[in-house]
Amino acid sequence: MKITILTGAGVSAESGLGTFRDAGGLWTQYDLNDVATPEGFARNPALVHDFYNARRANCAEASPNAAHEALAALAAGAHDVTLITQNIDDLHHRAGSPDVIHMHGELMRALCAQCDARWDAPLVMSPQDPCPACSAKATRPDVVWFGEIPYHMDAIAQAVATADLFVAIGTSAEVYPAAGLVELAQGQTLEINLEPSARANAFDAHRFGPATQVVPAWVAELR
Ligand code: OAD
């Protein structure tokens, strides 16, 4: 069976990484216009780097949880699995999932806004860091901000449209285009989340509960 999976912050919540929109979430503590837009970065790059430096430090201390591990085990089995994530953490990769599609970029990668060079991000980035390729002091985290186009959209649309089963895990479905992917699915659709998402009605089936419990149970049934 061809299974295409989209994950969001809920899959990493039990690893200690904050979600965005839950009570106490990142967007209740920070204004996303300041730290997650190109305009915010142009106004105050040091603030934006501080925000992502803190995220990078949290991520480096965190470990993959049972949900990440179950998804890696699923990919190692007989099914043809494509894993798309909105998360910028590297926990799917560290759990052993191959070829994770990071539609919102990666915290552990850096990007030169001048020449588009990419490289492994140091733990702490600053506006003074020169690009290793062109030396411009225009380095930024290689993450997709509001107002920018998510990465790999053609491959993602294809993977969702051709799947026998599309599963969204741990996402509030508040951010497009990720939230609209379910509309492209031609096979069965399943939502796994703590609670019904904003697009819950678009899914054929639902399993509600903590990802570390629900995802391993679902994977065990499939394998
Ligand atoms: P959100 O914070 O919007 O939603 C997280 C979802 O996970 C919510 O629906 C929660 O109910 C659910 N959740 C929380 N804990 C959970 C758990 N232990 N098990 C299962 N589900 C749980 O995060 P995303 O939907 O990923 O983009 O946010 C989408 C995008 O908005 C992010 O990629 C980021 C953000 O702004 C950018 O910064 C561009």
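The values are calculated or read from the model by the stated rules, or taken from the named source; none is laboratory data. These numbers come from a predicted model, not from an experiment. For neighbour counting, all protein chains shown are included, and Cβ atoms are generated from backbone atoms with ideal geometry for every residue, glycine included. Quick note on the areas: whole protein, heavy atoms, side chains included, nothing else; ligands and nucleic acids left out. Shrake-Rupley method; radii C 1.70, N 1.55, O 1.52, S 1.80 Å.
Scan region 67-77 and tell me whether some residue there is surrounded by 20 or more Cβ atoms within 10 Å (Cβ to Cβ) and within 12 Å of the ligand (Cβ to nearest atom). Yes, region 67-77 contains a residue that is surrounded by 20 or more Cβ atoms within 10 Å (Cβ to Cβ) and within 12 Å of the ligand (Cβ to nearest atom).
Listed by position, the strands (runs of 3 or more DSSP E) contained in region 162-223 that have at least 1 residues being of a type in the set (S, T, N, Q) are 188-193. Criterion applied to D50, D99 was being open to solvent by 50 Å² or more (accessible area, probe 1.4 Å) and more than 23 Å from R140 (Cβ to Cβ), and the one residue passing it is D99. Counting the residues of region 103-121 that are open to solvent by 10 Å² or more (accessible area, probe 1.4 Å) and either outside any loop (DSSP other than H, G, I, E, B) or closer than 22 Å to W218 by Cβ (or both) gives 7.
Among the residues of region 207-216, those that are more than 8 Å from the ligand (Cβ to nearest atom) and surrounded by fewer than 15 Cβ atoms within 10 Å (Cβ to Cβ) comprise F208, Q213.
Flag: I156 does not match the condition of being open to solvent by less than 10 Å² (accessible area, probe 1.4 Å) and either within 22 Å of A13 (Cα to Cα) or within 13 Å of the ligand (Cβ to nearest atom) (or both).
Counted as qualifying within region 1-102 are the helices (runs of 4 or more DSSP H) with 1 or more residues that are touching a strand residue (DSSP E or B) at 6+ places or on another chain (Cβ under 8 Å) and free of Cβ contacts under 8 Å to residues at least 60 places away in the same chain, namely 45-61, 66-76.
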